[in-house]
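Read through the structure below, which is laid out as structure tokens, and then see the notes.
The values are calculated or read from the model by the stated rules, or taken from the named source; none is laboratory data. Only a predicted model underlies this, so the values are computations on that prediction, with no experimental measurement involved. Virtual Cβ from ideal backbone geometry, glycine too; neighbours counted across all protein chains shown. When the accessible area is computed, the model is the full protein with side chains, heavy atoms only, and any ligands, DNA or RNA have been set aside. Shrake-Rupley method; radii C 1.70, N 1.55, O 1.52, S 1.80 Å.
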Amino acid sequence: THTMQRQPSRPRQLMSVVIPGGPVPIIHEDDQTSAISSAASTTVSASVSSLSGTAAPEKKNECTAVAQSAHIGAHGAECSEKKKTTMEKKGKTTTEKVEVVAEKVAASNAGSSGSSASADDLPSAVFIEFVGDRSGSMSSMGSAPAEQTSKLLHEQSESAKATGVRTFLSLTTFDHQSKTRMNATSLTDLKIPDANTLREWLKPRGTTRLIDTALERLYAQEQAVRDYLATLPVERRAVVKPKIKRQFVLLTDGQDNESTHTPSELRKALAKAKAKFGTTAIFLGANQDALKSGADMGFDVETTMTFASSREGLTQTMKACSRLMTHASRSYRPRNHAFTMMERHSSMSM
């Protein structure tokens, strides 16, 4: 009689899920769990449950926040799987894979702590393009657009003074027309517009000329950088140019209904800006699935956020945006910029 011997089961190998702005649970190949944070496990479970239909938040804002988490989690899982395959081809060990994920998490979490980069990492200059919607439907947010724009300008000015980096900001509003209110204005000696001026600039009216305005300002940013470099001695340009940091922020509460250009054209322009100049592109959208519409226009999910079309929703969103902008301004090197899960939840406040 022959006795069948049961072969020992092979250790499980599970994929690491990267959640931007938060810690990551890792399961090693030896089947021993290393939890970087128990809170992250809860976030991942909530995201998976929402996808499988086993749990559903009772409130709309909670549902949207979890949806954002799930969407980003799925995106991160796909990226992690691709990275895992590449590493295996190169003969990387499990320990090395874990270290790569941990480094990304640490880089993302650094933004929440507000820590500054070393002097060697600081940009030679920063150019920020902020494009904000003032169409009629923005009236649901009351005085928040003017108030929060003032706070953002103040915080970015203080950040520029703290680092000593020359920082230039352009502010453009749009409805069925676009108007640039500040054009490559230095933030180190900025006189912030008073409340009445900002309320007039952002007074809701008209329709939504989103794509055309975004393209115009993206090209205007490139021209502003060229003009700045032209003021420098020739021998300095080669040193300064590679360390210039660019940011492009687009905020809207609805879909485009006035432009002649298409989302795919903006997507191509942003892809070029990110690949060639390392531009940090931020999209903030209300009354829509901003992760989907932002992706259609070329924005990364980590720097895209859906927010509630309310005073508190915009307030929390602008606060998170300013934090992310400050983080991006501290280094010219590529960094893992991302909104946190807490920021995404707060952005849905009614």
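Quick look at the values:
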item	result
Every residue from region 251-288 that is hydrophobic (A, V, I, L, M, F, W, C) and in contact with a Gly (Cβ under 8 Å, 6 or more places away or on another chain)	Leu251, Leu266, Ala269, Leu270, Ala271, Ala281, Phe283, Ala286
Residue ID - farthest from the chain's Cα centre (by Cα), chosen from residues in region 308-339 that are of a type outside the set (D, E, K, R) and over 23 Å from Glu158 (Cβ atoms)	Ser310
Selected residue (criterion: most open to solvent (accessible area, probe 1.4 Å)) from residues of region 115-151 that are acidic (Asp, Glu) and either at pLDDT below 95 or not in a helix (DSSP H, G or I) (or both)	Asp120
Residue satisfying condition, being under 20 Å from Ala144 (Cα atoms) and either surrounded by fewer than 19 Cβ atoms within 10 Å (Cβ to Cβ) or under 13 Å from the mean Cα position of the chain (by Cα) (or both), within set Met342, Met305	Met305
Any hit, region 183-194, residues being of a type in the set (D, E, K, R), within 20 Å of Leu314 (Cα to Cα) and open to solvent by 80 Å² or more (accessible area, probe 1.4 Å)	yes
Count of region 231-242 residues which are open to solvent by 70 Å² or more (accessible area, probe 1.4 Å) and either in a loop (DSSP other than H, G, I, E, B) or in contact with a Ser or Thr (Cβ under 6 Å, 6 or more places away or on another chain) (or both)	1
Condition met for Thr252 (open to solvent by less than 20 Å² (accessible area, probe 1.4 Å), over 23 Å from Asp120 (Cα atoms) and touching a residue at least 60 places away in the same chain (Cβ under 8 Å))	yes
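For (1) aromatic (Phe, Trp, Tyr); (2) touching a Lys or Arg at 6+ places or on another chain (Cβ under 7 Å); (3) assigned to a loop (DSSP other than H, G, I, E, B); (4) under 25 Å from Met138 (Cβ atoms), each residue gets a yes or a no:
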| residue | (1), (2), (3), (4) |
| --- | --- |
| Asp212 | no, no, no, yes |
| Phe248 | yes, no, no, yes |
| Ser259 | no, yes, yes, yes |
| Thr306 | no, no, no, yes |
